[in-house]
2 protein chains.
Amino acid sequence: MTNFEVFKERLNNAGFKLTTQRRVVFDIINSNEGKHYSPEEIYELVKVDHPEIGLATIYRTLKLFEKIAIVYRLNFNDGCSRFEMNHFEDKSHRHHHLVCLDCGKIFEVKLDLLQDLEGYIEKEYGFEIHNHTLKFYGVCNECKQRRKKCKKETT
Amino acid sequence: MTNFEVFKERLNNAGFKLTTQRRVVFDIINSNEGKHYSPEEIYELVKVDHPEIGLATIYRTLKLFEKIAIVYRLNFNDGCSRFEMNHFEDKSHRHHHLVCLDCGKIFEVKLDLLQDLEGYIEKEYGFEIHNHTLKFYGVCNECKQRRKKCKKETT
DNA sequence: TTTTATTTGATTTTTATTCTCAATTAAAAG
DNA sequence: CTTTTAATTGAGAATAAAAATCAAATAAAA
Ligand SMILES: [Zn+2]
Ligand SMILES: [Zn+2]
Ligand SMILES: [Zn+2]
Ligand SMILES: [Zn+2]
């Protein structure tokens, strides 16, 4: 079952229509693995082939996609929400985010490693975990190298 | 060293003045462990004893506190930032958040348990971790009980 | 006490997101 | 393939959190 088929099915199950607008937004997010687009960015990409589609529709569509679990809404404290595919076909595909405090780049970590913690929480708090988001803030490898180099040059 | 002394020191080191407004906002956040207040909520609490303090000052102060690592900015996707003390005196005090999808309540988990994952990330990605945020979404114990009860009653 | 740069309150401005509503359209029914 | 119907859309207005502005106030250095 392809992502698109899952998408169609979820729309149907929730009683929503498959419109051109929804298909276009889906395609952009689905074909940009690893990107974390804002509504405005998606709007710009949509405009290229579909200048008739309005920004309000982008916002509405993303909200709908979030509701039927087609996308995840991410927050990197940069003044807007960002979105990425929910890779439903592959549970192990969930990932964490590394946010570089220097260059602002976002990296993805495919390994989950939260089983212990989740087990503890479910047992200790009786909290039934459905999902999680984990972000690490720090300095990426590239920026670390650059810092070293600058240090050397000033010595 | 008390939280307040650390607060004064950090203001000083960063070259900022200790004003009444800053002291009042600090006191409210510092004396409300476990709470996650929005700027508006802090504004309401500040008003009780200091109706002369304006909302813009609350926003400015929280931004400053975030910069000098007095507070953390939290995001629970409810339309505003929320803030809590950075418990600097005790590193092990960092905690994760449990967000109940039913009742919206926020719970805190004091256990970190991310050492393995952090070690893996530092080694595998060369990413130097300074901080992290981890949220779990699910159903809290209370809401789980309520669901069970409702199920029984309808049987 | 005087000086000076910082900070503040009040207000306006900005900007992401939502709302409104008439016109359009997907898809169910015939 | 039409007709019907309710959902959806585009354009623009409305909302609301947060930031910017600026003259007046004030902390802290001299
Ligand atoms: Zn991602
Ligand atoms: Zn970097
Ligand atoms: Zn907390
Ligand atoms: Zn609950």
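The values are calculated or read from the model by the stated rules, or taken from the named source; none is laboratory data. Only a predicted model underlies this, so the values are computations on that prediction, with no experimental measurement involved. So basically every Cβ, Gly included, is an ideal-geometry build from the backbone, and we count neighbours across all protein chains shown.
So for the stretch B:70-83 (the condition being away from DNA strand D (no atom under 16 Å from the Cβ) and either in contact (Cβ under 8 Å) with a residue 24 or more places away in the chain or surrounded by 16 or more Cβ atoms within 10 Å (Cβ to Cβ) (or both)), does at least one residue qualify? No; the residues of the stretch B:70-83 include none that is away from DNA strand D (no atom under 16 Å from the Cβ) and either in contact (Cβ under 8 Å) with a residue 24 or more places away in the chain or surrounded by 16 or more Cβ atoms within 10 Å (Cβ to Cβ) (or both).
Condition first: within 16 Å of ligand 2 (Cβ to nearest atom) and either in contact with a Phe, Trp or Tyr (Cβ under 8 Å, 6 or more places away or on another chain) or within 29 Å of A:Phe26 (Cβ to Cβ) (or both). Can you find one or more residues in the stretch A:111-120 that meet it? No; the residues of the stretch A:111-120 include none that is within 16 Å of ligand 2 (Cβ to nearest atom) and either in contact with a Phe, Trp or Tyr (Cβ under 8 Å, 6 or more places away or on another chain) or within 29 Å of A:Phe26 (Cβ to Cβ) (or both).
Assessment of the stretch A:45-64 against the conditions (closer than 25 Å to A:Asp112 by Cα, touching a strand residue (DSSP E or B) at 6+ places or on another chain (Cβ under 8 Å), within 16 Å of ligand 1 (Cβ to nearest atom) and within 14 Å of chain B (Cβ to nearest Cβ)) yields no matching residue. With the condition kept exactly as written, say whether any residue in the stretch A:71-82 is out of contact with any Lys or Arg (no Cβ under 6 Å at 6 or more places or on another chain), of a type in the set (Val, Ile, Thr) and farther than 29 Å from A:Tyr137 by Cα. No - not one qualifying residue is present in the stretch A:71-82. For the stretch B:120-141, does any single residue satisfy the condition of being of a type in the set (Val, Ile, Thr) and either more than 15 Å from A:Tyr137 (Cβ to Cβ) or in the same structural domain as B:Gly34 (by TED's automatic domain parsing) (or both)? Yes, there is a match, as at least one residue in the stretch B:120-141 is of a type in the set (Val, Ile, Thr) and either more than 15 Å from A:Tyr137 (Cβ to Cβ) or in the same structural domain as B:Gly34 (by TED's automatic domain parsing) (or both).
Taking the criterion of being among the β-branched types (Val, Ile, Thr) and within 12 Å of ligand 3 (Cβ to nearest atom), the residues of the stretch B:60-109 that qualify are B:Val71, B:Val99, B:Ile106, B:Val109. Remark: pairs (first residue in the stretch A:3-30, outside the structural domain of A:Val46 (by TED's automatic domain parsing); second residue in a helix (DSSP H, G or I) and buried (at least 16 other Cβ atoms within 10 Å of the Cβ); Cβ separation under 8 Å; 6+ apart in sequence or on different chains) are absent. Output the qualifying pairs, or none if there are none: Cβ atoms under 6 angstrom, residues six or more apart or on different chains, first residue in the stretch B:90-107 and in the same structural domain as B:Tyr37 (by TED's automatic domain parsing) and within 12 Å of B:Asn141 (Cα to Cα), second residue modelled with pLDDT of 95 or more and more than 16 Å from DNA strand C (Cβ to nearest atom). Every condition considered, no pair remains.
If you take the residues of the stretch A:109-129 that are hydrophobic (A, V, I, L, M, F, W, C) and in a strand (DSSP E or B), which of them is farthest from the other protein chains (Cβ to nearest Cβ)? Filtering first and then ranking leaves A:Val109.
Taking residues in the stretch A:130-141 that are more than 7 Å from chain B (Cβ to nearest Cβ), and partners anywhere that are at pLDDT 95 or above and away from DNA strand D (no atom under 16 Å from the Cβ), not one pair has Cβ atoms closer than 8 Å while being at least 6 places apart or on different chains.
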